[in-house]
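Working notes, beginning with the structure itself.
The values are calculated or read from the model by the stated rules, or taken from the named source; none is laboratory data. Please read these numbers as outputs of a predicted model, since none were measured by experiment. Heads up, the Cβs are rebuilt from the backbone with ideal geometry, glycines too, and the neighbour counts pull from every protein chain shown. With ligands, DNA and RNA removed, areas are computed over all heavy atoms of the protein, side chains included. Shrake-Rupley method; radii C 1.70, N 1.55, O 1.52, S 1.80 Å.
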Amino acid sequence: MFSNIQRIGFFAGPIAALLLYFALPDQYVDTHKALIPLTFAAKTTLCMTLWMAIWWLSEAIDISATALLPVAMFPLLHIADIKETTAPYASHFIFLFIGGFSIALAMQRWKLDIRLANTVLAIAGNNPRLIIIGFMFSAATLSAFISNTATTAVMLPIGLSIILLFAKNDKEEFENEDQHNFTRCLLLCIAYSASIGGTMTLIGTAPNLFLAGFLEQGLPAEYQLRLSFVEWASFAAPLAILFLPIIYLLLTKIIFPFDIHKLKKPQHVDYLQQEKMDRGQKITITIFIITVLLWMTRPLIQEISFSDDWQPAKPFSLLSDSGIAMIAAMLLFITPVDFKKRIFVMDWQTATRLPWGIFILFGGGLTLAKAIKDNGVAEFFAAQALLLPDLPGYVYVLIIVASIIFLTELTSNTATTATLIPILASIAIGLDLHPYLFIFPATLAASFAFMMPIATPPNTIVFASGHISIPEMCKAGLWLNIIGSGLITVYTYVVIKPVVGF
């Protein structure tokens, strides 16, 4: 049945989109003081963004169905043709999802997740708060070196196994609010830690790499800079280390507090001593380790070269995280556990449990992001900053950081960074400010979106578990977005500016 919010959202989405169309101007002043027409495609893109945002927030219809709106509406509204619209639904990020989830499902199939869960319990004990801290540390550390998507997809089944150990029964239903809050805290802490961990290194997330390339080639000569791996970590890692305890305290003490005495004390079983790993577990953990090592060393592998007689000279230059994920998935499908009985590590029956609706959801978000970039909507957003020309620099930084954090709730952080970083650099120079003052915090802000399932892949993955609703994620994410906006602004002046030197 429709709730009141869903009923209101169902009608509010298209009505608000229609009203916005008539409220938008026909032209606007851009960052170079030129009068730019706001095209029909730009207007309709803005309208569709509002429509989809309302339906996603209110869950007026299934959120995966909302993600199909672009396929139905973009060609009709001349936002993009059907080929351009549907291409992001087959993005390489989707296949990174599939590969990561395949490893997670293989872990579940062979009960490797239970073994790993008990290992975590053996280290952290039965204290649920220490367990959450342990998961946060693991997720943040892993995502600094491998994809935060892969990190979250692999850690999710382990977290779910831990959750069931603390439940009063073996079902995915909980008898009291404390059990539910523990579940929310653990899953959200995994997702948020993976997102924040990715900011610590240059290879941790795509926006970081984009900024590094832009600093070398996209700026005027006097502003160009080559950042090393260590230099990036010197100013980015402390921010993550500072923000992780804030996430923990806010979630476990304020937003979703729980009484550890009302959780079942799990009976720890030492699987490592009581039974040996079976063949399925051994193969799964081997493929997992190989995959992680390949993700961590991919930049080095891509540079491997042979003599000129070998064609191509760099045979692994096209290797990608998504490609590695699919290699891992195929290895799971073709590696036999019992060849005579035709039992492989992964089978299609298990693969049908992949969250296909979430893949559509992510594809819809990528499609919307591409439309925002291609139709000049990002430039329209950037031009609005010029309405505040006399504000101090730190106010500009706060506005930019907050705007990007909330913008990336609906768009790809990679697409947002690639679109806005050049614009922000131009705005800063035009305002007689150093471009680093805008583009460094803007890049970090692109990884600080915590409200919506489509904001980041880690958010999407934990939402797919079915234990967290959109309003619950928004409740936690809104406060973290606000705190993150202020923290990045202050951090820019206190740490980044002195370390980078501008």
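Remarks
- Sole exception among (1) outside any helix (DSSP H, G or I); (2) open to solvent by less than 40 Å² (accessible area, probe 1.4 Å) for Asn126, by number: (2)
- Test: residue in segment 168-187 that is open to solvent by less than 10 Å² (accessible area, probe 1.4 Å) and modelled with pLDDT under 75: no
- Residues of segment 34-57 classified as among the small types (Gly, Ala, Ser), assigned to a helix (DSSP H, G or I) and surrounded by fewer than 22 Cβ atoms within 10 Å (Cβ to Cβ), total: 2
- Options Leu219, Leu215: the member that is assigned to a loop (DSSP other than H, G, I, E, B) and more than 30 Å from His467 (Cβ to Cβ): Leu219
- Segment 322-342 residues that are outside any helix (DSSP H, G or I) and of a type in the set (S, T, N, Q), paired with ones that are open to solvent by less than 80 Å² (accessible area, probe 1.4 Å) and at pLDDT 90 or above (beta carbon under 6 Å, 6 or more apart): Thr335/Ile283; Thr335/Val345
- Residues of segment 129-147 satisfying the condition of being out of contact with any Ser or Thr (no Cβ under 6 Å at 6 or more places or on another chain) and assigned to a helix (DSSP H, G or I): Arg129, Leu130, Ile131, Ile132, Ile133, Gly134, Phe135, Phe137, Ser138, Thr141
- Candidate set: segment 129-166, residues that are polar (S, T, N, Q) and either modelled with pLDDT of 75 or more or in contact with a Cys (Cβ under 6 Å, 6 or more places away or on another chain) (or both); chosen: the one surrounded by the fewest Cβ atoms within 10 Å (Cβ to Cβ): Thr141
- Boolean, Phe74 is open to solvent by 70 Å² or more (accessible area, probe 1.4 Å) and not β-branched (Val, Ile, Thr): no
- Any hit, segment 354-376, residues being of a type in the set (Asp, Glu), in a loop (DSSP other than H, G, I, E, B) and out of contact with any Leu (no Cβ under 6 Å at 6 or more places or on another chain): no
- Residue within segment 61-70 that is of a type outside the set (D, E, K, R), open to solvent by 40 Å² or more (accessible area, probe 1.4 Å) and either closer than 30 Å to Gln281 by Cα or assigned to a helix (DSSP H, G or I) (or both) present: yes
- Some residue of segment 469-482 being among the polar types (S, T, N, Q), assigned to a helix (DSSP H, G or I) and crowded, with 16+ Cβ neighbours inside 10 Å: yes
- Some residue of segment 81-100 being over 21 Å from Pro458 (Cα atoms), open to solvent by 50 Å² or more (accessible area, probe 1.4 Å) and in a loop (DSSP other than H, G, I, E, B): yes
- The combined condition, being open to solvent by less than 10 Å² (accessible area, probe 1.4 Å) and either at pLDDT below 85 or under 20 Å from Val29 (Cβ atoms) (or both), is not fulfilled by Ala418.
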